[in-house]
1. Among the residues of the range 62-93, what is the count of those that are farther than 16 Å from N134 by Cα and assigned to a loop (DSSP other than H, G, I, E, B)?
2. Scan the range 211-233 residue by residue and report those that are buried (at least 21 other Cβ atoms within 10 Å of the Cβ) and in contact with a Lys or Arg (Cβ under 9 Å, 6 or more places away or on another chain).
3. Between a first residue in the range 232-245 that is more than 14 Å from V269 (Cβ to Cβ) and touching a residue at least 40 places away in the same chain (Cβ under 8 Å) and a second residue that is part of a loop (DSSP other than H, G, I, E, B) and acidic (D, E), which pairs have beta carbons less than 9 Å apart while being 6 or more apart in sequence or on different chains?
4. Can you pull out every residue in the range 83-117 that is more than 24 Å from A154 (Cα to Cα) and among the aromatic types (F, W, Y)?
5. With (1) under 30 Å from V182 (Cβ atoms); (2) touching a helix residue (DSSP H, G or I) at 6+ places or on another chain (Cβ under 7 Å); (3) surrounded by 15 or more Cβ atoms within 10 Å (Cβ to Cβ) as the list, and S72 as the residue in question, which single condition is left unmet?
6. In the range 223-244, which residues are of a type in the set (G, A, S), in a helix (DSSP H, G or I) and within 16 Å of the chain's Cα centre (by Cα)?
7. Report whether or not V157 is aliphatic (A, V, I, L, M), closer than 26 Å to E69 by Cβ and not in a loop (DSSP other than H, G, I, E, B).
Amino acid sequence: MNKGVKKTSRLAVEIAGIRFKNPVLTASGTFGYGSEYAPYTDLGRLGGIVVKGLSLEPRAGNPGPRTVETPSGMLNAIGLQNVGVESFIKEKMPFLRRLKTNVIANIFGETVEDYKEVARRLDGVAGLTALEINISCPNVKKGGIAFGVVPTEAHRVVSAVKSSVGLPVITKLSPNVTDIRVMVKAVEEAGTDAVSLINTITGMAVDVEKRRALLATKTGGLSGPAIRPIAVRMVWEAAQVATRPIIGIGGIMTAKDALEFIIAGASAVQIGTANFVDPDSAVKAVDGIEEYLKRHRTSVKDLIGSLKA
């Protein structure tokens with residue numbers, strides 16, 4: 001790459017028709033609604049912010065304890081606590097739309113109709129760049145089956161959302177499946193504009209003295225560095241069949257971690273658990289990626305999927 005290429009050109013990527021000034025986003029559920037982190041990091045330096053998952057009505061979430069630290073990670077069972085889509089639009093978007101970065105709303109529901117209605121209410125909201133569909137939620141009408149582990153159900157919910165909005169749609173995939181490639185194909189056939197993966201892996205921790213689970217819900221979602229090798233593998237597998245961009249997620253703490261995902265096939269990454277350790281971790285990752293690109297005289301675009309056989 002020419003030494004004269006601008007920093008913004010080196011770092012910039014395009015996903016679903018959206019230009020991101022750099023490939024580092026924050027992951028849903030780990031960064032609140034953005035304003036919570038404003039005193040601790042420069043939000044304008046981020047490629048994008050994915051807000052806490054939104055439902056049709058406000059949710060109080062699960063009873064405590066809801067988080068447990070584990071070796072190289074953490075378990076959480078927050079229960080998708082959130083303010084609800086209407087409060088988000090009225091109370092959170094005024095702040096978010098002032099930021100010089102992309103804002104992506106993560107949405108979820110218990111039925112296909114829920115997903116469609118949340119998406120419909122967000123479509124056209126000023127300052128919103130895209131929707132990310134969390135399909136790792138129970139499908140109540142199907143007896144507790146998660147949309148994210150049954151290809152036909154995943155296809156159904158993605159297709160429903162795509163048909164009801166004009167915003168680009170990113171589908172967040174569950175790792176709790178036999179073959180991630182099957183799920184990628186299903187949601188692409190349904191019209192998703194991009195996929196993000198992975199969501200947390202189901203796990204459990206036990207207090208051996210009390211012989212009780214450490215989470216009130218018994219099981220929860222494992223995140224953090226412990227899952228990163230699994231996440232990198234699944235992104236690489238997804239990239240073998242994907243025809244749309246991939247956003248990699250899972251245990252990214254540093255720029256080096258982020259670069260693993262990009263080289264394996266991701267066009268961008270989301271940083272999650274690291275935000276709890278260091279609120280400035282995403283911005284530090286941007287700086288680290290920039291340093292790497294300068295050193296190798298390359299760009300993010302050239303790195304995507306460049307893993308050698």
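1. So the answer is 8.
2. The answer is L215, G220.
3. Cβ pairs passing all conditions: E237/D179; R244/D193.
4. F88, F95, listed by residue number.
5. (3)
6. Within the range 223-244, A231, A238 qualify.
7. no
Matching residues to (1) loosely packed, with under 15 Cβ neighbours inside 10 Å; (2) hydrophobic (A, V, I, L, M, F, W, C); (3) in a strand (DSSP E or B); (4) on the phi > 0 side of the Ramachandran plot:
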residue: L25; (1), (2), (3), (4): no, yes, yes, no
residue: S28; (1), (2), (3), (4): no, no, no, no
residue: F31; (1), (2), (3), (4): no, yes, no, no
residue: G44; (1), (2), (3), (4): yes, no, no, no
residue: K52; (1), (2), (3), (4): no, no, no, no
residue: E57; (1), (2), (3), (4): yes, no, no, no
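Only the coordinates and a few stated rules stand behind these numbers; no lab work does. Remember, it's a predicted structure, so these values are computed and weren't measured experimentally. Backbone-built Cβ (ideal geometry, glycine too); neighbour counts: all protein chains shown.
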